[in-house]
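Shown next, in structure tokens, is the structure this report addresses.
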Amino acid sequence: MAGSLVLVDEYSISSGASSFIIGGGSAGSSTYNYSMDSTYNVYMLQFQDVYMDTDGSKARIRFTKTSDNSADSTSNYDRASLQMYTNQAFYDSASTNQSYIDSLALGTTNPESYLGTIYCFNFPNASEYSFITRELINTTNTPETAGIMGGAVLTVAQATNGIQFFADSGNIDSGEFKLYGLKK
Amino acid sequence: MALKTLEQFTAEAQTEIDAKKTANGGDGMFAQVNNVRREFTDAEYDQAVKDSAASKLDSQDNDYKRNRQAEYPSIPDQLDDIYHNGVAGWKATIKTTKDKYPKPS
């Protein structure tokens, strides 16, 4: 069906910073000031060309709270994924009660970057947890190529309205982000 | 070397993050908000300290597991190892990786 994806926010990093928010209302990095709300049941975030200014650092994510647009940094994120490497055995990776959703280490150029799609479920629902599923292709700083499939949940019943990307060290130097609503 | 506590890592991270603040002569940490690049607020710097300390603790406690996981042969290769070299041979293979990445204590 044509026109089922509606672009609601987009941002391209032009100068490095430690923290970016896609969606997130007035805290968002773009001028759209878009807040994920019940206009759409599901949101899809696509991003590419994400790399860092510090070799081996990571671009982690958190969800932003609708109540004040700030990132929820409580230790309530659980995640699980299958990491599929081209040059080593696949393995499962999981964690509970972390204050962020982790990613693999990145490099400082496009060939050591990551890209992918995150689907956001239940974000505007104040009485349910916020979930994501994600599919990534990642070339680490080593460099090793890995595909990641998995999901994560913020186990707090609250409305969330965006996704924060933040560097565990240094800055995120590059990235293009597009947030779509999936038309009901 | 003794394992460090979260409090010790927090103190380390506090020193590192304080040095990054432009007020202290550092390069600063920045957020991009509404298409404007601005320096972290005090609350965001405080969060960066917590994040850095948590990362350091996680790295200390779990890097050896991740390194081992990445280096162990695949399950089919391990089964092949057992078939050809017996359990003793397989244990020797696994021990190589365990010794390379010892559990911190």
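The values are calculated or read from the model by the stated rules, or taken from the named source; none is laboratory data. For clarity, every value in this text was computed on a predicted model and none was experimentally measured. Every residue, glycine among them, receives a Cβ derived from its backbone with ideal geometry; neighbour counts consider all protein chains shown. What goes into the accessible areas is simple: the full protein's heavy atoms, side chains included, and nothing from ligands, DNA or RNA. Shrake-Rupley method; radii C 1.70, N 1.55, O 1.52, S 1.80 Å.
Here is how the numbers come out for the structure above:
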item	result
Those residues of segment A:68-93 which are within 19 Å of residue A:116 (Cα to Cα) and of a type in the set (Gly, Ala, Ser), in sequence order	A:80, A:81, A:93
Hits in segment B:60-90 (condition: surrounded by 14 or more Cβ atoms within 10 Å (Cβ to Cβ) and among the small types (Gly, Ala, Ser))	B:70
Filtered residue count, segment A:84-142, keeping only those that are within 14 Å of chain B (Cβ to nearest Cβ) and at positive phi	1
Failed condition for residue B:3, given (1) surrounded by 18 or more Cβ atoms within 10 Å (Cβ to Cβ); (2) touching a residue at least 60 places away in the same chain (Cβ under 8 Å)	(1)
Selection count, segment B:49-59, where residues are open to solvent by 60 Å² or more (accessible area, probe 1.4 Å) and under 21 Å from residue A:88 (Cβ atoms)	0
Residue within segment A:46-56 that is buried (at least 19 other Cβ atoms within 10 Å of the Cβ) and either among the acidic types (Asp, Glu) or part of a loop (DSSP other than H, G, I, E, B) (or both) present	yes
Criterion: under 22 Å from residue B:59 (Cα atoms) and in contact with a strand residue (DSSP E or B) (Cβ under 9 Å, 6 or more places away or on another chain) - qualifying residue of A:160, A:145, A:155, A:133	A:145
Whichever residue in segment A:2-21 is assigned to a strand (DSSP E or B) and touching a Gly at 6+ places or on another chain (Cβ under 6 Å) and, among such residues, is most open to solvent (accessible area, probe 1.4 Å)	A:6
Which numbered condition residue B:11 misses (of (1) at pLDDT 95 or above; (2) in contact with a Leu (Cβ under 9 Å, 6 or more places away or on another chain))	(2)
All positions within segment A:57-67 that are open to solvent by less than 10 Å² (accessible area, probe 1.4 Å) and polar (S, T, N, Q)	A:57, A:64
Failed criterion for residue B:38 (all others in (1) closer than 30 Å to residue A:15 by Cβ; (2) surrounded by 14 or more Cβ atoms within 10 Å (Cβ to Cβ) hold)	(2)
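Table: residues versus (1) farther than 26 Å from residue A:32 by Cα; (2) at pLDDT 95 or above; (3) of a type outside the set (A, V, I, L, M, F, W, C).
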{"residue": "A:143", "(1), (2), (3)": "yes, no, yes"}
{"residue": "A:155", "(1), (2), (3)": "yes, yes, yes"}
{"residue": "A:171", "(1), (2), (3)": "no, no, yes"}
{"residue": "A:175", "(1), (2), (3)": "no, yes, yes"}
{"residue": "A:181", "(1), (2), (3)": "no, yes, yes"}
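Residues are listed down the side, and each one gets a yes or a no for (1) of a type outside the set (Asp, Glu); (2) without any contact (Cβ under 8 Å) to a residue 24 or more places away in the chain:
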position: B:23; (1), (2): yes, yes
position: B:27; (1), (2): no, yes
position: B:35; (1), (2): yes, yes
position: B:41; (1), (2): yes, yes
position: B:54; (1), (2): yes, no
